[in-house]
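Read through the structure below, which is laid out as structure tokens, and then see the notes.
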2 protein chains.
Amino acid sequence: MTEIRPEPEAGDDDFVPSRTLVAEIAEAIDEEDGARLHALLDPLHGADIADLIEQLTPQRRQGLVRLYSGEFDAEIISEIDESIREEVIEQLPAEVVADAVREMDSDDVVDLVEDMEAPERETILSALDESDRAAVEQSLNWPEYSAGRLMQSELVAAPEHWTVGEAIDYLRAEEWLPDQFYHVILVDPRRHPVGYVTLGRLLSSQRMIHLRDIAEDSFRTISARQDEGDVAYAFNKYHLISAPVVDDDDRLVGVITIDDAMTVLDEEHEEDMLRLSGVNTDSRVSDSALATARQRLPWLVANLFTASLSAMVIAQFERTIATLVVLAALMPIVASTGGIAGTQSLAVAVRALATRDLNRSTAPRVIRRELIAGVLNGLGLALILGLVGMLVFGDPRLGAVLAMAMIVNQIVAALGGVLVPLTLERFGLDPALASGTFVTTLTDVMGFMAFLGFATWLLI
Amino acid sequence: MTEIRPEPEAGDDDFVPSRTLVAEIAEAIDEEDGARLHALLDPLHGADIADLIEQLTPQRRQGLVRLYSGEFDAEIISEIDESIREEVIEQLPAEVVADAVREMDSDDVVDLVEDMEAPERETILSALDESDRAAVEQSLNWPEYSAGRLMQSELVAAPEHWTVGEAIDYLRAEEWLPDQFYHVILVDPRRHPVGYVTLGRLLSSQRMIHLRDIAEDSFRTISARQDEGDVAYAFNKYHLISAPVVDDDDRLVGVITIDDAMTVLDEEHEEDMLRLSGVNTDSRVSDSALATARQRLPWLVANLFTASLSAMVIAQFERTIATLVVLAALMPIVASTGGIAGTQSLAVAVRALATRDLNRSTAPRVIRRELIAGVLNGLGLALILGLVGMLVFGDPRLGAVLAMAMIVNQIVAALGGVLVPLTLERFGLDPALASGTFVTTLTDVMGFMAFLGFATWLLI
């Protein structure tokens, strides 16, 4: 029903340090062999070193940090997962951290310090010179998860009346430029962004041409207050590479680049997927078993209570079951098929909310479609189950009970799967949050109630 | 248990055509008012026009295409979802399509034609001049979902011995350059890529400097055979903006840019989420109710059979249930809490496989962690449920049965959630595919079996 795509021969472990390398590094750490550790780690990208650090046991991690501390630069530190970054930083010499922080773009410093306590944050920020520090603090004044937190203050802007030649001369003379930049942002005298020029355009144009004449057609600024998820959506939809960020007076305050937007997109997906399944979004593969258990327990306990609802429904029909015990065996079929249908409808709805395909204009049509699809699949499943019920148990009434309950529960599932996330969204909540538990509770309760209800009516 | 993030005031419908606009456009179409339709659509980005086209009913969609056909350019056509793109193209005048195709980068042409039948493909390709057509056909020779399909042939390469001045003069003189490019790829005389220079670096360097002296430290080529999912992973991990693609002889054949990688990342996430929930990954919010029902039915039917396994298990214990009917009411609690735990463990594992945090080096540790977490949560839930069972039903033995079954099923759930996707992955299958059904069948069957088994042993 879905195509199966074979993995390439190299396997999924491409772009991941090999098992052999991990083993060699562990050995070098255990033997306190700093020279060998350097030889192994030096050729790696910062992101791979960060991966390795995350994969090591806490003891070996400390060993690695101790033996390799001199090489920790902005890149490695930025790439280490938040869950262990503070621990690593505490162990590094203050000098190394200060050097790394000075190397970082302002968005990486913000990412580093935003969840720190005041004293730790102060230690980091004191490494910066005054203007860099001001940029970071300005960023921290914007709400969490906003464009203002995501942007970097390092950018290249030019007056709109400049020529290509003036811009190039400026870039050649300017000592300090961002590590990576893809556009020159054109600003008016009050620093309102009015357009941008790609570097490719700048490079391929004659020196006397005005920047405003080679600006891109499509230009979009992002408010510093915009939610970071919306920013990622806009980058993906409009194929933006970088976008200027403006404050409440529409003045240029920073720039967001697509690699940061891609990271946000990735995190938002992770949140959707984990929340749908009732998992705390802070959980990491590197967490301890105790932390894992603690993160998951709340939903499990919540489920104990919602499952008790099903138990209470069933308890109402104890006399029916005592009379016809085969009902106890058959009742999970209706409930579980409803659960699957609800989960399907829910996954599609949560995904469509994320891609904005499900929005206020399309909602009525999507709800109608789910309803009809629920009826159709209810009928299809009812036919199969009704026939099987009749053939296996030789009782057409039992077949009819199964069929009727299945139709009711498929409709409930289809509607619940789309209405639950839409309702959460309307109330400003994350549509993925708790939706799964809601919907399966609904389909369980309705499944048992419909099946045992019809059975009591028709069979007893 | 997870933080709730309030949406910004503007709501989630930012970057989506407003309901008013959609209504006005529908009205303009219904009134065949081409002038008004142009006035409404002309200011929009191609991606928004594509969104609108997807949201309209099929009749209105045809009306829009008829009234607006002259304006369909490369951007709009590339942005329309595959599910309706061919239908739109068939309706457009051949001339309009040919112009749009000539405007496209080779990767967009590949995306357009790769799923077409031979005659339709030929019509499109015949619009291209010989070299563009050769580039598209070369791309189509690489496997589906490979880097070779994702790359564009439009790129800027320069001999490594050139100076900045030579490169700039070349760019100024060259009439034909890609719409968007961010690097100059350095090649040796046999066209092997040996490094790259960012345009920012090029612009800010003196004319006499050699390109090889300002090349980036970290340089990575991508094999045209690489799976597109791995490419997206590499872009996200290493913060790449563009990367050269090489053939089997390591010769430069194209370039992949981050916006394409971001699209792939987004699609891979969609696949993971939908597959985990048993939904066909081709499904779209714009699908008809009948198509929706048909896409979902296979998993529902599959679930009928797996649910029958549970029914058969329960049927073995009919005598036990007849003796103590309260067991029928209580048995779903153990099964459903197991289902939640299995889903949690599964979502974390599938996500970790996608981020490569779960790989061959970390698998043993992750499995051990899941096992311990399962035991811990089993004990915790057993304690609650055992106490409740005892207090509500006044029977310590019933509490003990609930508690024991819960512990067993939590362990099964935790292990199943990680072992099922790992096993699928090991056999080269998509770890998300069917995992959900597998794991919940496992927890249902084990839940009923353990609960009724212990009950028969201790209570009857």
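The values are calculated or read from the model by the stated rules, or taken from the named source; none is laboratory data. Bear in mind the structure is a predicted one, so any value in this text is a computation, not a measurement. Glycine also receives a Cβ, built like all others from the backbone with ideal geometry; neighbour counts cover every protein chain displayed.
Filter the stretch B:23-45 for residues that are facing chain A (nearest Cβ under 9 Å) and either more than 30 Å from the chain's Cα centre (by Cα) or crowded, with 21+ Cβ neighbours inside 10 Å (or both) and give the result.
B:23 - this is the single residue of the stretch B:23-45 that is facing chain A (nearest Cβ under 9 Å) and either more than 30 Å from the chain's Cα centre (by Cα) or crowded, with 21+ Cβ neighbours inside 10 Å (or both).
When the stretch A:106-138 is examined, which residues are found to be closer than 19 Å to residue A:49 by Cβ and either more than 30 Å from the chain's Cα centre (by Cα) or not hydrophobic (A, V, I, L, M, F, W, C) (or both)?
Across the stretch A:106-138, the qualifying residues are A:108, A:111.
Out of the residues in the stretch A:419-438 that are farther than 20 Å from residue B:340 by Cα and in contact with a helix residue (DSSP H, G or I) (Cβ under 9 Å, 6 or more places away or on another chain), state the one that is modelled with the lowest pLDDT.
Within the stretch A:419-438, the match that is modelled with the lowest pLDDT is A:429.
Does residue B:169 count as of a type in the set (D, E, K, R), within 13 Å of chain A (Cβ to nearest Cβ) and part of a loop (DSSP other than H, G, I, E, B)?
When the stated conditions are applied, residue B:169 does not pass them.
Which of the numbered conditions does residue B:161 fail, given that it passes all the others? Conditions: (1) more than 9 Å from every other protein chain (Cβ to nearest Cβ); (2) surrounded by 20 or more Cβ atoms within 10 Å (Cβ to Cβ).
Among (1) more than 9 Å from every other protein chain (Cβ to nearest Cβ); (2) surrounded by 20 or more Cβ atoms within 10 Å (Cβ to Cβ), the lone unmet condition for residue B:161 is (2).
How many of the residues in the stretch B:209-250 are free of Cβ contacts under 8 Å to residues at least 40 places away in the same chain and either touching a Ser or Thr at 6+ places or on another chain (Cβ under 6 Å) or among the hydroxyl-bearing types (Ser, Thr, Tyr) (or both)?
Matching residues across the stretch B:209-250 total 3.
Quick check on my filter: what residues within the stretch A:19-66 are of a type in the set (Ser, Thr, Tyr) and more than 17 Å from residue A:91 (Cβ to Cβ)?
Selection gives A:20 alone.
Only residues in the stretch A:136-147 that are more than 16 Å from residue A:116 (Cα to Cα) count as the first member; pair them with residues that are hydroxyl-bearing (Ser, Thr, Tyr), Cβ under 9 angstrom, at least 6 apart or cross-chain, and list the lot.
If the second residue must be hydroxyl-bearing (Ser, Thr, Tyr), the pairs left are A:138/A:106; A:138/A:153; A:146/A:223; A:147/A:223.
Considering every residue within the stretch B:209-229, establish whether at least one is facing another protein chain (nearest Cβ under 7 Å), farther than 26 Å from residue A:203 by Cα and part of a strand (DSSP E or B).
yes
When the stretch B:121-162 is examined, which residues are found to be out of contact with any helix residue (DSSP H, G or I) (no Cβ under 7 Å at 6 or more places or on another chain) and not in a loop (DSSP other than H, G, I, E, B)?
Once the filter is applied, which keeps residues that are out of contact with any helix residue (DSSP H, G or I) (no Cβ under 7 Å at 6 or more places or on another chain) and not in a loop (DSSP other than H, G, I, E, B), the stretch B:121-162 yields B:122, B:123, B:130, B:131, B:134, B:137, B:138, B:141, B:157, B:159.
Residue-wise test of (1) more than 22 Å from residue B:359 (Cβ to Cβ); (2) away from chain A (no Cβ under 11 Å); (3) of a type outside the set (Val, Ile, Thr); (4) in a helix (DSSP H, G or I).
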{"position": "B:401", "(1), (2), (3), (4)": "yes, yes, no, yes"}
{"position": "B:411", "(1), (2), (3), (4)": "yes, yes, no, yes"}
{"position": "B:424", "(1), (2), (3), (4)": "no, no, yes, yes"}
{"position": "B:431", "(1), (2), (3), (4)": "no, no, yes, no"}
{"position": "B:438", "(1), (2), (3), (4)": "no, yes, yes, yes"}
{"position": "B:451", "(1), (2), (3), (4)": "yes, yes, yes, yes"}
{"position": "B:454", "(1), (2), (3), (4)": "yes, yes, yes, yes"}
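Sort through B:315, B:311, B:291 and tell me the only one that's buried (at least 18 other Cβ atoms within 10 Å of the Cβ), over 13 Å from residue A:380 (Cβ atoms) and of a type in the set (A, V, I, L, M).
Criteria check complete, one pass: B:311.
Does residue B:187 satisfy the criteria of being of a type in the set (A, V, I, L, M) and crowded, with 21+ Cβ neighbours inside 10 Å?
No, not satisfied.
Can you tell me how many residues within the stretch B:231-263 are surrounded by fewer than 22 Cβ atoms within 10 Å (Cβ to Cβ), charged (D, E, K, R) and either within 12 Å of chain A (Cβ to nearest Cβ) or assigned to a helix (DSSP H, G or I) (or both)?
Adding up the residues that qualify gives 2.
Which members of the stretch A:182-208 meet the condition of being in a helix (DSSP H, G or I) and in contact (Cβ under 8 Å) with a residue 24 or more places away in the chain?
Matches in the stretch A:182-208: A:202 only.
Inspect the stretch B:52-70 for any residue being in contact with a Lys or Arg (Cβ under 7 Å, 6 or more places away or on another chain) and small (Gly, Ala, Ser) and give the result as yes or no.
No.
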